[in-house]
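Quick note: the coordinates plus some simple rules give every number you see, no bench work behind them. The structure displayed is predicted, hence computed values, not measured ones. So basically every Cβ, Gly included, is an ideal-geometry build from the backbone, and we count neighbours across all protein chains shown.
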Amino acid sequence: MNRSQVANGGEIGKKQAPAIVMQNVSFSFSSTLIFKNLDFTVPGGQWTCLLGPSGSGKSTLLRIISGSLDKATGRVRFEGVGRHERMTAWMAQKDLLLPWLTVEENVLLGARLRGEINEDKRFRARTLIESAGLAGYERELPAALSGGMRQRAALLRTLMEDRPVILMDEPFSALDTLTRLKLQDLAADLVAGATVLLVTHDPLEALRLGNRIHVMTGRPATIGQALIPDSSPPRSPDDPDVAGLHTTLLDRLMGDRP
């Protein structure tokens, strides 16, 4: 069994990951209009990467999709499923591991809070831990782990939620370059088949991981036309698609092209 099969032993593997469809979405923070009548679709079962400058509304967009901003207007739907279903899992920039819990306990935190701990959950958590290269650290506290290991544990906690939609808010940005590359590859492997929306400031990260790449600019924010690389992620930094589209993405971020 490969890593993606291990990760997809829950809900992702049981049903097709839905597209996210945002229609006529508007949101204001204080007196600032962040989005006005925004229409945006994230295809199901793929990685969509969203780039943009700080303060452009990228993280706000994730929160609207997750349902945690109830003052947004318009409609957000998950294609083919009801909104009442638990659809999204979140991975943040900081690992947010609880320091008094072991690695295994942190990975199982969501299930414990919902009263869903059982032997099947424990088996899957241990299998994920092994697949992520953390075997032997199950009973260690977060203080004993490196930054990259902590973020692996955070990724596994996200996967244990068994949600077909994964929202990622700069989850690799605090890591050194080599660790970031390894975590990007691991994430691409483990979440294969899910609908992923990754917010990032890093064009190279978007080019390594994205099936589709968008740039968000302006106020109120607009989302530009998708760039769609020819090759499949995760891409090597030496992939011709990465080099060929890097300048295009930088130009869009700088506002030199539509």
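Residues with amide H under 5 Å of residue 34's amide H, sequence separation 5 or more or different chain, H placed in the peptide plane at 1.01 Å from N; which?
The list, which skips near neighbours in sequence, is 27, 28, 29.
Can you give me the C-alpha center-to-center distance between segment 50-75 and segment 184-202, rounded to a whole angstrom?
If you average the Cα positions of each part, the centres end up 18 Å apart.
Expressed as a whole percent, how much of the Cα-Cα distance distribution for the chain exceeds 32 Å?
Pairs farther apart than 32 Å: 21 percent.
Taking the beta-carbon count within 10 Å as an exposure proxy, list 77, 157, 152 from fewest neighbours to most.
Exposure proxy ranking, most exposed first: 77, 157, 152.
Spelling out what I want: for every residue of segment 223-229, take phi, set θ = phi - 60°, compute 6.51 cos²θ - 1.76 cosθ + 1.60 (Karplus), and round to whole Hz; glycine and proline get x.
10, x, 4, 5, 8, 10, x
Along the positive direction of the dipole of the chain (beta-carbon charges: Lys, Arg +1; Asp, Glu -1; about the Cα centre), which of 45, 159, 23 reaches farthest?
The one lying farthest along the dipole's positive direction is 23.
Could you pull out every residue, at least 5 positions away or on a different chain, whose amide H is within less than 5 Å of the one on residue 215? Hs are placed 1.01 Å off N in the peptide plane, and Pro or chain starts have none.
When sequence neighbours closer than 5 places are left aside, the close amide H contacts are 51, 224.
Grab the beta carbon distance between residue 144 and residue 96, set R0 = 22 Å, and tell me the FRET efficiency rounded to 0.05.
0.85
Report ³J(HN,Hα) in whole Hz for each residue of segment 47-54, in order, from the Karplus equation J = 6.51 cos²θ - 1.76 cosθ + 1.60 where θ = phi - 60°; Gly and Pro get x.
Calculated HN-Hα couplings, in order: 8, 10, 10, 10, 9, x, x, 4 Hz.
Short version: ³J(HN,Hα) in whole Hz for each residue of segment 230-242, in order, from phi by Karplus 6.51 cos²θ - 1.76 cosθ + 1.60 (θ = phi - 60°), x for Gly and Pro, what are they?
6, 8, 9, x, x, 9, 6, x, 8, 4, x, 4, 5
So how do 211-219, 225-233, 160-168, 246-254 stack up, highest first, on mean other-Cβ count within 10 Å?
Answer by packing, highest mean first, reads 160-168, 211-219, 246-254, 225-233.
Looking at segment 53-110, which chymotrypsin sites (Phe, Trp or Tyr not before Pro) are in a loop (DSSP not H, G, I, E or B) and have at most 16 other Cβ atoms within 10 Å?
Sites meeting the loop and neighbour criteria: 100.
Per 10 Å bin, what is the whole-percent P(r) computed from every C-alpha pair distance within segment 95-162?
Histogramming segment 95-162 at 10 Å steps yields 24, 61, 15 percent.
Rounding to the nearest 20 debye, state how big the charge dipole of the chain is about its Cα centre with +1 on each Lys and Arg Cβ and -1 on each Asp and Glu Cβ.
Roughly 700 debye for the chain.
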